[in-house]
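One structure is given below, encoded as C-alpha cells.
Nothing in this text is a laboratory measurement; each read-out follows from the coordinates by a stated rule. These numbers come from a predicted model, not from an experiment. Counting neighbours? That spans all protein chains shown, and the Cβs are built from the backbone with ideal geometry, glycine included.
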Ligand code: AGP
C-alpha cells in the first residue's frame, strides 16, 4: 500500500506532491515552439465561433467550482468576455439564459458528477457549445461535451481534490490565453510573459513542498479550534473558498471563506478573542484594502495568519501574528501557488486530529447522484 502511495503516508500528500508534474503535463504540447502562443489543435470550437462568443458560463461542483471561480477571473481579465459561475446543482433549475453565442465550460475531475452532467445536458439542449475541463478522457462528461480540454493530473484517489484543482487552473490559464489570442485581446509579448511565468510554476511549487514545517506547525495550532475564517479579495477570495472547503472536508473544523470587504456587513460580529483568521493577501491592486480588513479583525482579537509574497512579509507583520510567504508570480497565476499551503494546512490539521485523511466521513470521491 505504501508503494501505491509512492512512499507517502496518504494519497492526498502524494497527490499534493504530484502537482509540479501535473502542471508540466497539462501544459505539454499546448504552447508552440516560440513560447509565445497557445495551441489547441483538436477543438471543434472554430476561431469564428470564438470571435462570436458573447458570454461564458462556468458550471461545476465543489472544488471544481472553485477552480471555475479562478477561471472566470482569468477569462474576464484576458478576454474581456462576461463570465459567470454556477454551482451545477443550481444551474439547470434557474432556466439559464443561453444562446448559440454562449460558451459553457463544465469542470469535473471525474467527469462523472451527476449534477455537472445534468447541467451539461441542459446547456446543450439550450444550444450552447459545451467545453469540458476534465481529468478523465473516457468519462461521461468528456463523451457528451462538444469539446474537451484534458487536465493531465493522473488518477486522483484521495477524496479531497488537490492536483486536479490546480491542473484545472492550468487548463483555464491556457484556454484563457487561447481565447485572448484568437480574439486579439492580448499581445504576443504579454502572452509570452504569462507562458514564461507558467513555466516557472512547477519549480515554485516544489520549493514550497520542500519546506512544510511552518504550515505543519500552524495546522497543529488551528486543530485546537472549532471555527475559523479565510478572507481574501479577488482571486484570493476564490482560493480562500477552496482552502475553507478543503479544511472542512478532511479536518471537520468549521470554517467560512469571506470576501475580505464583506465581513463588516455582518460576519464581523463572530470575530472574538483568539479566533484564527487566515488572510490571503497576494493581489497587489487590492493589498491595501485587504490590509485594512485584516486590521478590522485584529482589532477584535483575531489571531491572523497571512499568506502573501515575501516582499510584503515585513510590512504585513506589523498587522498580523504570522506570515507565510509564497513565491512570486503574476497576479493572474497566483492561485496555482497560494492554494498549496492551504492544501497542506488541511492535510496536517486532519492528521493532527487523527482523521482518515483520504476517506473523510460522509463523502464519496465521485458523486453520481443528483
Ligand atoms: C473536492 O475536494 C471534493 N471532494 C468535491 O468537492 C469535488 O470536487 C466535487 O464533488 C466535484 O467532483 P468532480 O470534479 O469529479 O466533478
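Between the range 22-91 and the range 277-319, what's the alpha-carbon centroid distance in Å? What the calculation gives is 30 Å, centre to centre. Under 1.5 on a/c is rounded, so check that first for the range 299-352, then, if it is not, pick prolate when a/b is larger than b/c and oblate when it is not; a ≥ b ≥ c are the square roots of the alpha carbon gyration tensor eigenvalues. Cα axes put the range 299-352 in the oblate bin. Distance from the alpha carbon centroid of the range 227-256 to that of the range 123-174 works out to 23 angstrom. The value of relative contact order for the chain, using C-alpha pairs under 8 Å at least six residues apart, is 19 percent. Once the Cα atoms of helix 188-209 and of the chain are each reduced to a long axis, what angle between those two axes, in degrees from 0 to 90 to the nearest 10, is obtained? The two axes meet at around 40 degrees. Can you tell me the 0 to 90 degree angle between the C-alpha axis of helix 335-352 and the longest principal axis of the chain, rounded to 10? It is inclined by approximately 50 degrees. Ordered by the number of other Cβ atoms lying within 10 Å of each residue's own Cβ, fewest first, 72, 143 fall into the sequence 143, 72. Model label points for residue 292 and residue 121, set 7 angstrom from Cα along the Cα-to-Cβ axis, are 5.0 nm apart.
In plain terms, the chain from residue 51 to residue 101 could stretch by 17.1 nm, reckoned as 0.36 nm per residue minus the Cα-Cα distance. In degrees, nearest 10, range 0 to 90: what is the angle between the Cα axis of helix 62-79 and the longest Cα principal axis of the chain? Tilt of helix 62-79: around 70 degrees. Taking a ≥ b ≥ c as the square roots of the Cα gyration tensor eigenvalues, with a/c under 1.5 meaning rounded and otherwise prolate when a/b beats b/c, else oblate, which class fits the range 242-299? Judged from the Cα gyration tensor, the range 242-299 comes out oblate (a/c at least 1.5, b/c at or above a/b). Evaluated at q = 0.06 Å⁻¹, the base-10 log of the normalised Debye intensity for the chain, with identical point scatterers placed on the Cα atoms, takes the values -0.21. So what does log10 I(q)/I(0) come out to for the range 231-370 at q = 0.08, 0.12, 0.16 Å⁻¹, using the Debye formula with one equal point on every Cα and no solvent? Evaluating at q = 0.08, 0.12, 0.16 Å⁻¹ gives log10 I(q)/I(0) of -0.22, -0.49, -0.84.
Take 12, 305, 198 and order them by how many other Cβ atoms sit within 10 Å, fewest up front.
305, 198, 12
A simple spin-label model places the labels of residue 267 and residue 207 3.1 nm from each other, with each point 7 Å out along Cα-to-Cβ. Take every pair of alpha-carbon atoms less than 8 Å apart whose residues are at least six positions apart; their mean separation over the length of the range 216-370 yields a relative contact order of 29 percent. Under the shape rule built on the C-alpha gyration tensor, where the axes satisfy a ≥ b ≥ c, the range 1-124 is oblate, since a/c reaches at least 1.5 while a/b does not exceed b/c. As a proxy for reagent exposure, 369, 136, 74 were ordered by neighbouring Cβ count within 10 angstrom, fewest first; the result is 369, 136, 74.
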